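Below: the structure, in structure tokens.
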Amino acid sequence: MDRRKSFPAGKAPDAKRKEPPPAANNSKNQAHDTRPNSHALKRVKFNDARNIRSQPPDAALEDGRLDLQKFLSAREYEIKALETSMRKCKASNATRVFQQVPRAMRRRTASHNVKRVPKRLRERAKREQIGDNTPTVEARKRRPRTTRARIRAETAKKLDILAARKRKRRLEKPAVGGAMVKGKEGDAKPTVQSRAPRPKIRRNTLNEPPKIKSKFRKRQLNKTWLPTHLWHAKRATMAEPSKPIWRFAIPITSTEKCYRPTHRASGQKGAVAWDMSYMSTIGLYGSSLGVERVLRALGLTQEGLWAARGQKWRGGSRKWSGLLSKDRKESRRIIGPATIIWNPEPAAETAQELGDPKRSQRELLIRTHPSCFLELFNELLKLVKMQSPQLHIEDLRFEIGSIELTGPGSTEALLGILKPYDDKPGAEYQADIFESLAGVTNPASLPKDAFLAFSARDPRLAYPPKQVNVPDRTTDPALLETLTKWPVEKNLAPFGLFSRDTRHRASQLPSQKSINRRKGSSLPGKEVLVTAADPPIPVILLASRSSTAVQAQGTWTLMAPWKCILPIWYSLMHYPLSTGGNPRLGGLDEQRQIAFEQNVPWFPGDFPGTDAGLSWELDQQIKRKRDWDRRPKGKRVEWKSLDLGAGRKGEIGDGLACDFEHLFGLPKNNISGLNNTQNPAISDDPNAMELDHLDKPQGAQASEDSPNPMAVIKQMTKASFGALVASPTNEKAPNSSIVTVTLTFTGRGVASPCARIYRLPPQKSPMPVLPSTQAEVPATEPPPSTIFGLPPSDLREQWLGKLPAKSTSSLGGKGRQAKKQTSAPPRMPPGADLKTRKRLLAASLLTAEPQFPKSSTNQTDVGRHPLCPGEEELIGFVTAGAFSLSEGKGTAIGSLSAEKVLETVRETGAREGHLCVVRNAGETVGWLARWEVV
Amino acid sequence: MVRLKDRYLLVHIIYTDVPAGQAKDSVPDLLLYNQPTTGELKPQHLLKGIRSEVASLFGDCGSGAIDRSLQVKYLSPATSTFILRVSRDHHRLAWAALSFMDRVPVRNGRPCVFRVVRVSGTIRKVEEEAIRRAKLLVLSAKQEMSGKSSDALGALLRGKDQGRSLTTAADQDDDSEMEDVDASRD
């Protein structure tokens, strides 16, 4: 409102506001006058467009006789007439202007507000809106309808007056005061140069979020905005304001439809970018011996890291990424994934103190996920205080931000926006290496754990970013040599990002206004030169490989000072990729989607055995419960009445949860109020509920750390599980520990989160089963192979028979035959003679179960599909599952009970032991899948 | 919302005899088949002819079914081509009527054959087909002019390629389902 009045008189203040079509809105009489006219015009236009011209017959005749030349010209005329008709018709088609805008740019409001369509189309839009009398409203003239709106409007008016008064006063004041100051002591006192205050980072305590503009402070009471929040809030669904994720307002997903575009951009063409400034960074400082002890205590115990092989990592030319863990009473508990970077020692000192690891002071950055940040910070604090001489840690959360990029165009986009601070080659060695990476289409093609650190120029100086020249360099020997040798050790100097002063200087970027001024004064087309006012931006570029698959796209992580993320982001989002388009924005959902498509577990969602993963899972449970509650009763799954076949009723455990409590027999957690009703297996009658409540405190004692009984569940790493499988002694897995696995369906099937995973039922000793010839017992009695409440005894064979033919050949055709006998009578072969037909018919009449009356459903099978194994075969739950666009079939990521899986693998061997049955929560049909530990 | 679903038929009028006052030998086959139609034929005559034929073939029911939507979208006497619009449900009645008509529906009309060459859900595709056929005819006429004897019957009957000849129209009934209905103008 203030702004409107501050416009200079010459400038039309209405330029930003909606201009309704004058004829349609302002005066009704005029509208009545114009409408018939415009309608008539339109009709004429359409009639004209539809009319196809044609010639009289004389045109094809030469004096009444047939003639070739005339024939030809008549056809040519016809072709022309039809073509014009098609063209005219298309032009007069009933499409409106806003439909011409690319889909991504279309706004619903554009059909009412001409200001919402691109400028070049505005005139036409205006005419169209007049033509069909679109009702338009001018926001400025709209009368407030509700009391609240009226009060708001009144307050706005009052504030307007106040602001005008204030402005007036301010204009008067400097004129008077300035003159006074100058007259008194203007030249007597030298002006004091003050530097901007450096933000305080205290040792061993948590850092405070950056000071927020007062305008936005109220909205960030219980969360922090990312540096690009305002940009994202317009283009993405953000985390609910009252329910921030990890105390940040994180973009969840783009408001556009983006599932398939993200898949394409991440794998085939384009790039996806995330503002990952919510990732937490911790600085660790101290003597190298102390640091080593601390890191060993965090689970970096591989000897390679501390021996010669880890020399590159400790020297600061490679990073380390992996899972950190902490010591908990004779077992280790995983905290979460982290990336650790060492700062190289300054060159001069290395010569002096090479032999003295105690004296040399080292600096490290630990980048971790915000959901496990506090846990890691506390653990680090404890470890750091135990060392002598003491080390110290700093919380660099709001000091260092980051952007992640993936996709074939990611390297190109980075090259386009990050220019080395010093133009001349050789100034910074790593910057030169970065520049030479043009042509790399996959960050995973860099050496493992490679990273680059250099200082970049303010990207706004070269805004808008220009396309870099991308040579097809897949076979370029120079690039190949760089990629294989990775010569970053040369001239290794401490990184700028570690230095607080450099970071602080980089956050004092010149204002956009001053850059605009410099751009305006330089010649058009000329780049703005770097001056002393432009500080270098220290960046670290991490190239990471996400999965074990060779072809999978890697990820670039750009770490830069928090305040520099926004200008970099703006440039990045406007970089014109050589394959067309710009990098896409991604949210949390896209992060999960890409991880899922690459078959990589996503932290914290796929790690329910960690504290962070547990709290994520509990949040998800609440969300699922809320969604379930919101559905009408007839349209939601009634867990109690789910018929699992063979007389088993009701969902196993809580259908809305990955119910590990149920799996491990832990006491129920009722804090969230989830499990009150839909848990028939355990709490069918009120008395049982009471008992559950009574049990709870004991369960809580079992885990001191957290009141949740699920907290005793431990995550096992692939390595430790592999060691257990390989161990010759039948060592048992630790109690209630889980392993994360990827699941691939052998045939059909798509899993969703919370799906139940069963192992195959064990081979049973044949029970007194009646021969199948006597199968035609009345349907009221249970079929012979089924004892009520138990699945059929040959369930394992039935499931093995479901394996695709290729693999069954080695597993034995026995299972298949068995299945054939039980399921269906043999089909009549084509071209069988009468005798065989008769015989088969007789056989089928004798053996087949009568079609009517039908045996009660799901007794021996679910529509000729094997039944699910029993509850005792439950081994785990799916945490993420969908149809995978990269695999072309259903895949899933889940967690299995290590104990049960180990048992199965030892009993049945690696081949059959890795088979499992996955059944979605609330469904009766399970599908065969194969699991693989990740 | 209920749309009125239509079909568009592209029809050629094919003649087999020469007009009065011209020797049959002097006329190449190409011209013989693709003669212009008399200027007396107006759209309303055509409609009347089809309606009466439908009435005689299918009775009142048939003629009533067709009555609503039958319309001539384009009639070019010079090239003996017209485009007919019929409702989708009953377009086969009109087609059958066309097949049974053996004279130009004017007084003392010449004997001719009405050949449906394309059925489509949108007029655009019909127009494209007409253009394609006209281009083929132009090509063969040019061949004729350069002295080579062209395959007149081939140019007349040729569908999309050499393989598709007489079955063209019948086949194309089906692919009209996938036409872009938005482009139709009715």
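Side notes on the structure shown:
- Residue selected from the stretch A:485-507 under the condition of a type in the set (Phe, Trp, Tyr) and assigned to a loop (DSSP other than H, G, I, E, B), by the criterion surrounded by the fewest Cβ atoms within 10 Å (Cβ to Cβ): A:Trp486
- Residue check for A:Gly496: touching a residue at least 24 places away in the same chain (Cβ under 8 Å), in contact with an Asp or Glu (Cβ under 8 Å, 6 or more places away or on another chain) and of a type outside the set (Ser, Thr, Tyr): no
- The stretch B:2-48 - residue that is within 25 Å of B:Arg92 (Cα to Cα) and over 18 Å from the mean Cα position of the chain (by Cα) and, of those, nearest to the other protein chains (Cβ to nearest Cβ): B:Arg3
- Here the condition is being more than 30 Å from B:Lys142 (Cβ to Cβ), in contact with a helix residue (DSSP H, G or I) (Cβ under 9 Å, 6 or more places away or on another chain), of a type outside the set (A, V, I, L, M, F, W, C) and within 14 Å of another protein chain (Cβ to nearest Cβ); of B:Arg85, B:Arg51, it holds for B:Arg85 alone.
- Put simply, of B:Lys148, B:Lys142, B:Lys125, B:Lys48 the only residue that is charged (D, E, K, R) and under 19 Å from A:Ser73 (Cα atoms) is B:Lys142.
- The stretch B:122-134 residues that are crowded, with 24+ Cβ neighbours inside 10 Å, paired with ones that are among the small types (Gly, Ala, Ser) (beta carbon under 7 Å, 6 or more apart): B:Ile123/B:Ser184; B:Val126/B:Ser120; B:Glu127/A:Ser85
- A:Asn29 meets the conditions (1) more than 14 Å from chain B (Cβ to nearest Cβ); (2) modelled with pLDDT of 80 or more in every case but one. The failed one is (2).
- Residue within the stretch A:373-395 that is farther than 29 Å from A:Leu323 by Cβ and of a type outside the set (A, V, I, L, M) present: no
- If you check A:Ser436, A:Ser410, A:Ser445 for being touching a strand residue (DSSP E or B) at 6+ places or on another chain (Cβ under 6 Å) and in contact (Cβ under 8 Å) with a residue 40 or more places away in the chain, only one passes: A:Ser410.
- Counting residues in the stretch A:435-452 that are at pLDDT 90 or above, within 30 Å of A:Lys513 (Cα to Cα) and buried (at least 18 other Cβ atoms within 10 Å of the Cβ) gives zero.
- Residue within the stretch A:631-644 that is within 30 Å of A:Met716 (Cα to Cα), part of a helix (DSSP H, G or I) and out of contact with any Leu (no Cβ under 6 Å at 6 or more places or on another chain) present: no
Matching residues to (1) out of contact with any Lys or Arg (no Cβ under 7 Å at 6 or more places or on another chain); (2) surrounded by 22 or more Cβ atoms within 10 Å (Cβ to Cβ):
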{"site": "B:Ala65", "(1), (2)": "yes, no"}
{"site": "B:Val72", "(1), (2)": "yes, no"}
{"site": "B:Phe82", "(1), (2)": "yes, yes"}
{"site": "B:Ala96", "(1), (2)": "yes, no"}
{"site": "B:Phe100", "(1), (2)": "yes, no"}
{"site": "B:Val104", "(1), (2)": "no, yes"}
{"site": "B:Pro111", "(1), (2)": "no, no"}
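- Counting the residues of the stretch A:57-109 that are basic (Lys, Arg), at the interface with chain B (Cβ under 9 Å from one of its Cβ atoms) and touching a residue at least 24 places away in the same chain (Cβ under 8 Å) gives 0.
- Test: residue in the stretch A:729-748 that is modelled with pLDDT under 85, hydrophobic (A, V, I, L, M, F, W, C) and over 30 Å from A:Gln620 (Cα atoms): no
- Any chance B:Leu46 is of a type in the set (A, V, I, L, M, F, W, C), at pLDDT 95 or above and farther than 25 Å from A:Asp63 by Cβ: no
- Test: residue in the stretch A:658-674 that is at pLDDT 60 or above, over 16 Å from A:Glu617 (Cα atoms) and touching a strand residue (DSSP E or B) at 6+ places or on another chain (Cβ under 8 Å): yes
- On the stretch given as the stretch A:358-378, residues that are crowded, with 21+ Cβ neighbours inside 10 Å and part of a strand (DSSP E or B) total 6.
- Every listed requirement among (1) more than 10 Å from chain A (Cβ to nearest Cβ); (2) in a helix (DSSP H, G or I); (3) at pLDDT below 90 is met by B:Lys142 save one, (1).
- Conditions (1) assigned to a helix (DSSP H, G or I); (2) loosely packed, with under 15 Cβ neighbours inside 10 Å; number of the one not met by A:Thr482: (2)
- Residue, farthest from the other protein chains (Cβ to nearest Cβ), within the stretch B:56-82, restricted to residues that are in a strand (DSSP E or B) and of a type in the set (Ser, Thr, Tyr): B:Thr81
The values are calculated or read from the model by the stated rules, or taken from the named source; none is laboratory data. What you see is a predicted model; the values in this text were computed from it and never measured. FYI the Cβ positions are ideal-geometry reconstructions off the backbone, even for glycines, and counts take in every protein chain you see.
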